[in-house]
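These notes are about the structure you will find just below.
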Amino acid sequence: MELAAELLDLMGDETRVITQASVVERLSRDFYWYSPVLRELLDGKRADVVVQPVSTDEIRAVLRYCHAHDVPVTVRGAGTGNYGQSVPLAGGVLLDLQRMDRVLDISDDGVAECEPGARLGVLETTAREKGWELRCYPSTVVKASVGGFLGGGSGGIGSVAHGGLRDFNTVRAIEVVTMEAEPRVLMHEGEAVHDILHAWGSNGVMTRIWLALAPSVEWAQCAVSFRSFEAAFAFSEQIAVRSHWTKRLVTVFEWPIPSFFSPVRTLLREGEAAVFLMIAEAQRAKLEDAAMQANGNVTLSVAYGGLKSTPLLSDYTWNHTTLWAMKADPTWTYLQCGFDPARATEQLALLKTKYGADFLHHIEWMKNGAGVVFPAAIPVVRFSTAERLNEMIDYCRSIGVGVANPHVNHVEGGGRYREDNVQLQAKYRYDAKGLMNPGKMATFERREVTA
């Protein structure tokens, strides 16, 4: 293959230029199959060759070559995304950043400097050894990369206290390589990080990241069962909204979602809704008292021992919930919603009345950039047809429930696109040919590039 041969000349290491069909196919996939719509759209899409750089200079060399020869480039972190962010639509080169995985520094004021392939789990463990911890992380923390999280994620465990990646200056700076005849290495700091965040690698390649951390806390894990979802939701709201509780996770599951969690099934009560929490160890006894006063049953209350804890309750929250549901019944899929804190009880009831057992409530409390704690949600929904799924989305929006649609394969439709178009404008500045992850920024139109 001519492309592979020429890239090998650039890289000088045959172990990092991969053409083996099975490996290329595996690395060309992520968890898009959570969506039956995306499964039909993306199955069979793959790169022509995978390149695994170990330095910014190597990335520049690959992009320089690809720009000169009009070769598409798709960037891959760890492949834990759910929307086909790293699935190549037009073949070409898959730029796999897993070998650029160093945590370079953690400053005295709690800012981590790392390469894009650094694993979030490694960063969390390293940070805690120095008195810090991640402000937020996805349920895929053990495998997910920092660059992939910034490129295709938004929030997770910790967001109830610290918001998402876009909030509170969590992402301090990003170094980016451009797709140009002579690729530049550019620093984005402050508000400029939003040019690159959640752009799916469509407007540049992240090569270094500075991420603000939070002071570490000794945590506890707790699970509480309630006879009704309404009671579980009311209890979770008290913990999530009231500032005196130090929390990292407040999750609510309608029954039968807890029945899908086979490894921890003995911790859950038949027919009951459940609340999973990470709360400060110093407040664990008070939480148990609050749960009993709310007529809840505490089924687990233990000190948190890090990401190797057994059980690790976060493994059943956020997008992992959908995975457990699909293991139980592959007709389940999911939505991503945001409820109005003033109307949430009414909105939840309307959805239950309309869709019944086809729409199972799964709440993840989080804080937005304005400091308001609200019930985000990743409901588990029954899939029958794309039309039915879109009807659910339309109904949610009609009653004031926001939806970030996880069943589309472009940045604009997924709910994290900025209305000020800074991601699109950055693509025009840095990738005017449209070679970076082509097809993933739907509003982009290729412009002629003159030498």
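I need the strands (runs of 3 or more DSSP E) fully contained in the range 194-303, keeping only those with at least 3 residues that are out of contact with any Cys (no Cβ under 6 Å at 6 or more places or on another chain) and of a type in the set (Val, Ile, Thr).
The qualifying strands (runs of 3 or more DSSP E) are 247-253, 297-303.
If you take the residues in the range 179-216 that are within 23 Å of the chain's Cα centre (by Cα) and among the β-branched types (Val, Ile, Thr), which one is farthest from residue 52 (Cα to Cα)?
Result: 193.
Is the range 332-347 home to any residue that is buried (at least 22 other Cβ atoms within 10 Å of the Cβ), modelled with pLDDT of 95 or more and farther than 22 Å from residue 408 by Cβ?
no
When the residues of the range 1-38 are narrowed to those that are surrounded by 14 or more Cβ atoms within 10 Å (Cβ to Cβ) and basic (Lys, Arg), which ends up farthest from residue 439 (Cα to Cα)?
Across the range 1-38, the extreme among qualifying residues is 16.
Scan the range 423-445 and tell me whether some residue there is farther than 30 Å from residue 93 by Cβ and assigned to a loop (DSSP other than H, G, I, E, B).
Checked the range 423-445: no residue is farther than 30 Å from residue 93 by Cβ and assigned to a loop (DSSP other than H, G, I, E, B).
Across the range 264-303, what is the total count of residues that are touching a residue at least 60 places away in the same chain (Cβ under 8 Å) and under 25 Å from residue 379 (Cα atoms)?
Selection size over the range 264-303: 10.
Could you tell me which numbered condition residue 155 fails, if it satisfies all but one of (1) surrounded by 24 or more Cβ atoms within 10 Å (Cβ to Cβ); (2) more than 9 Å from the chain's Cα centre (by Cα); (3) assigned to a loop (DSSP other than H, G, I, E, B); (4) not acidic (Asp, Glu)?
(2) is the only condition that residue 155 fails.
Can you find a residue in the range 419-437 that is of a type in the set (D, E, K, R) and at pLDDT below 85?
For the range 419-437, residues of a type in the set (D, E, K, R) and at pLDDT below 85: present.
Check whether at least one residue in the range 135-142 is assigned to a loop (DSSP other than H, G, I, E, B) and closer than 19 Å to residue 193 by Cα, and report yes or no.
So far as the range 135-142 goes, yes, one or more of its residues are assigned to a loop (DSSP other than H, G, I, E, B) and closer than 19 Å to residue 193 by Cα.
Sort out which residues of the range 386-416 are under 18 Å from residue 333 (Cβ atoms), crowded, with 16+ Cβ neighbours inside 10 Å and under 16 Å from the mean Cα position of the chain (by Cα), and write them in order of number.
Across the range 386-416, the qualifying residues are 403, 404, 405, 406, 407, 408, 409, 414, 415.
Could we say that residue 254 is touching a residue at least 60 places away in the same chain (Cβ under 8 Å), surrounded by 18 or more Cβ atoms within 10 Å (Cβ to Cβ) and either assigned by TED's automatic domain parsing to the domain that holds residue 350 or more than 22 Å from residue 124 (Cβ to Cβ) (or both) here?
yes
Go through (1) crowded, with 22+ Cβ neighbours inside 10 Å; (2) over 15 Å from residue 206 (Cα atoms); (3) of a type in the set (Asp, Glu) one by one and return the number of the condition residue 115 breaks.
Of everything listed in (1) crowded, with 22+ Cβ neighbours inside 10 Å; (2) over 15 Å from residue 206 (Cα atoms); (3) of a type in the set (Asp, Glu), residue 115 misses just condition (2).
Checking the structure you have, find out if any residue of the range 268-280 is within 26 Å of residue 405 (Cα to Cα) and among the aromatic types (Phe, Trp, Tyr).
Yes, the conditions are met somewhere in the range 268-280.
Would you tally the residues in the range 198-221 being at pLDDT 95 or above and either charged (D, E, K, R) or under 20 Å from residue 162 (Cα atoms) (or both)?
Of the residues in the range 198-221, 14 are at pLDDT 95 or above and either charged (D, E, K, R) or under 20 Å from residue 162 (Cα atoms) (or both).
Before we move on, is residue 310 outside any strand (DSSP E or B) and free of Cβ contacts under 8 Å to residues at least 40 places away in the same chain?
Criteria met by residue 310.
Looking at this structure, is residue 90 surrounded by fewer than 21 Cβ atoms within 10 Å (Cβ to Cβ) and under 14 Å from residue 437 (Cα atoms)? Give the steps one after another, and end with the answer.
Working: surrounded by fewer than 21 Cβ atoms within 10 Å (Cβ to Cβ): yes; under 14 Å from residue 437 (Cα atoms): yes.
Yes.
Given the options 325, 274, 303, name the one that is over 26 Å from residue 143 (Cα atoms) and either over 20 Å from the mean Cα position of the chain (by Cα) or at pLDDT 95 or above (or both).
On the way: 325 fails: over 26 Å from residue 143 (Cα atoms); 303 fails: over 26 Å from residue 143 (Cα atoms).
Testing whether each residue is over 26 Å from residue 143 (Cα atoms) and either over 20 Å from the mean Cα position of the chain (by Cα) or at pLDDT 95 or above (or both) leaves just 274.
The values are calculated or read from the model by the stated rules, or taken from the named source; none is laboratory data. Small disclaimer: the values here were computed from a predicted structure and weren't measured. For neighbour counting, all protein chains shown are included, and Cβ atoms are generated from backbone atoms with ideal geometry for every residue, glycine included.
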